[in-house]
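Enquirer: Mind looking over this structure? Questions follow.
What follows draws every value from the coordinates through simple rules; no lab data is involved. A quick note: this is a predicted structure, and the numbers were derived from the prediction, not measured. With ideal geometry, Cβ positions are generated from the backbone for all residues, glycine too; neighbour counts draw on all protein chains shown.
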């Protein structure tokens, strides 16, 4: 009950702030008001024109998706020409709904709430704590901790920028930190359950349903809700929240919609932390008691050779079919290969411990630096929070439904509860599947079975991110 109250208080902050009116309204003379209205209308029209152009470009890429594969690349005789630089997206002014100073105070209160949830409620503390603290630092008036450097007319630095500006530009804007996180995750992951029961990969794929539901939802909000304007690139970044994979969400958002990074990162990690609360009701709604009591056969032993070959095979398949996803998938498989080979224990230990811990601190602070009031307290943030919840719920239901469909055609039944672990919140989602199963049969241990779809969800979310990046870049 305490956890539920904490969640309600946390998200009520957004709803209360969103209903607040700006305290100052500028009265313009008649002629200037007409000009301002005309300029605003032209801006909205330009945004819609670009959205239509983005749709056309994405549809063209879908029709020619063959040319985006590694197979097509291997067949080329000449080195491909550099990709054409697209025109920048029309600037969407996301105005803060409160006076600036008051908004900074509200953001400090929200960041303190994140720190409270991390310390006292154990909600993803490794990331929510540095994210919340980074948000505190970025909203201190006059501190300049996130300020860019001041340059003179010749481009020389007159005054250096704040340290969070440099950590963000070095590790997040370049996409380096999420890649290093994936490397560490790979060094801590055992793909044995997935290798022993490969069909559970379908559950991880089905759990990506939430990504596309949220993507379409974001575009629908843009069409029907005044004050909300999401480009297709914004919608893709919002949709990836449904994969329940924070580093993937950060990697894609920094490339497609960096202005939304703060809201998307907080939503992604918050819902990952709320897995034990969000998932069980959906799992029970989508299954019968008989489904929940299904016992699965014990997994077979997986040899070292299989575990060593698996990351190499996955990487090569990804390179052939979707090169855009090899950045994340390659980092994940490098970490796993180092772990499973046993030949470089010092490297795998470094990836799984010091490296991922250091990067987690810097990543959290850098993401928190984007919790600036002017970028967070707006109508779009509330839409992102709501769409993230829808995406997560649909992803959970998608995995469960896929398991039920597979049981219609399969002799060896799958307990549908493990389908919910297809979202890539490792290993929390697998633990929730096991816990719910034990509630109905205290001898039915599903943890290792659930790890199969759980780790396949990690791969699936990275692949989906690659697809969205390919279509929306």
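Enquirer: Along Cα→Cβ, 7 Å out, is where each label goes; now give me the distance between the ones at residue 442 and residue 285 in nm to one decimal.
Expert: 3.0 nm
Enquirer: State the Cα centre-to-centre distance between region 302-346 and region 203-278 in whole Å.
Expert: What the calculation gives is 27 Å, centre to centre.
Enquirer: Taking Rh as the Kirkwood radius, which is the inverse of the mean 1/r over Cα pairs, what is the Rg/Rh value for region 118-162? Each step should come with its number before you reach the end.
Expert: Values: Rg = 15.8 Å, Rh = 12.6 Å.
Looking at region 118-162, the ratio lands at 1.26.
Enquirer: When the convex hull of the Cα atoms of region 332-473 is projected onto a plane and the area is averaged over all directions, what value comes out in nm²? The partial results should precede the final answer.
Expert: On the way: hull surface 51.1 nm².
With every direction weighted equally, the projected area is 12.8 nm².
Enquirer: Go ahead and collect, in residue order, the members of region 410-425 whose backbone nitrogen is under 13 Å from a label point 7 Å along the Cα-Cβ direction of residue 199.
Expert: Zone members listed by number: 410-416.
Enquirer: On to the next question. Give me 410, 369, 433 sorted ascending by neighbouring Cβ count inside 10 Å, so fewest comes first.
Expert: 410, 369, 433
Enquirer: Next up: What percent of all Cα-Cα pairs in region 289-351 falls into each 5 Å bin, going from 0 up to the bin containing the maximum distance?
Expert: Calculated P(r), rounded to whole percents: 3, 16, 18, 15, 14, 11, 9, 9, 3, 0.
Enquirer: Also, I was wondering about something else. Please sort 414-422, 260-268, 282-290 by packing, taking for each peptide the average over its residues of neighbouring beta carbons within 10 angstrom, highest first. Walk me through the intermediate numbers first.
Expert: Numbers: 414-422: 30.9, 260-268: 26.8, 282-290: 15.6.
Highest to lowest by the protection proxy: 414-422, 260-268, 282-290.
Enquirer: When N is the residue count of region 227-278, what does its C-alpha Rg come to as a fraction of 2.2 N^0.38 Å?
Expert: That works out to 1.10 for region 227-278.
Enquirer: What is the packing order of peptides 130-142, 297-309, taking the mean over residues of other C-beta atoms within 10 Å and listing the highest first?
Expert: Working: 130-142: 20.9, 297-309: 12.5.
Packing proxy ranking, top to bottom: 130-142, 297-309.
Enquirer: May I pose another question? With no solvent and one equal point scatterer placed on each C-alpha of region 108-236, evaluate the Debye formula and give log10 I(q)/I(0) for q = 0.10, 0.16 Å⁻¹, two decimals.
Expert: Ignoring solvent entirely, the Cα scatterers give -0.61, -1.23.
Enquirer: Give me the orientation-averaged projected area of the Cα convex hull of region 294-401, in nm², one decimal.
Expert: Answer in nm², one decimal: 11.2.
Enquirer: What is the Cα centroid distance between region 95-126 and region 135-154, reported in whole angstrom?
Expert: 20 Å
Enquirer: Then there's this: Would you mind checking the radius of gyration and Dmax of region 389-473 based on alpha-carbon positions, in Å?
Expert: Expressed in Å, the Cα Rg and Dmax of region 389-473 come to 13.9, 49.
Enquirer: Starting from the Cα of residue 126, step 7 Å toward the Cβ, then list every residue of region 245-272 with an amide N under 20 Å from that point.
Expert: 245-252, 265-272
Enquirer: What translational diffusion coefficient, to the nearest whole µm²/s, does region 367-414 have by Stokes-Einstein, given a Kirkwood radius computed over alpha-carbon pairs, a temperature of 4 °C and 1.567 mPa s viscosity?
Expert: 95 µm²/s
Enquirer: Still on this structure, please answer the following. Under a plain spin-label model, where a point goes 7 Å from the Cα along Cα-to-Cβ, how far apart in nm are residue 223 and residue 346?
Expert: Once both label points are built, they end up 5.9 nm from each other.
Enquirer: What ranking, highest mean first, results for peptides 160-171, 398-409 when packing means the other Cβ atoms within 10 Å averaged over each residue? Kindly include the intermediate steps, with their values, before the conclusion.
Expert: Details: 160-171: 17.8, 398-409: 19.9.
Output ranking for 160-171, 398-409: 398-409, 160-171.
Enquirer: Return 278, 384 ranked ascending by Cβ neighbour count within 10 Å, so the fewest neighbours appear first.
Expert: Fewest-to-most ranking of 278, 384: 278, 384.
Enquirer: Fewest Cβ neighbours within 10 Å first, please rank 292, 473 accordingly.
Expert: The fewest-first ordering by Cβ neighbours comes to 473, 292.
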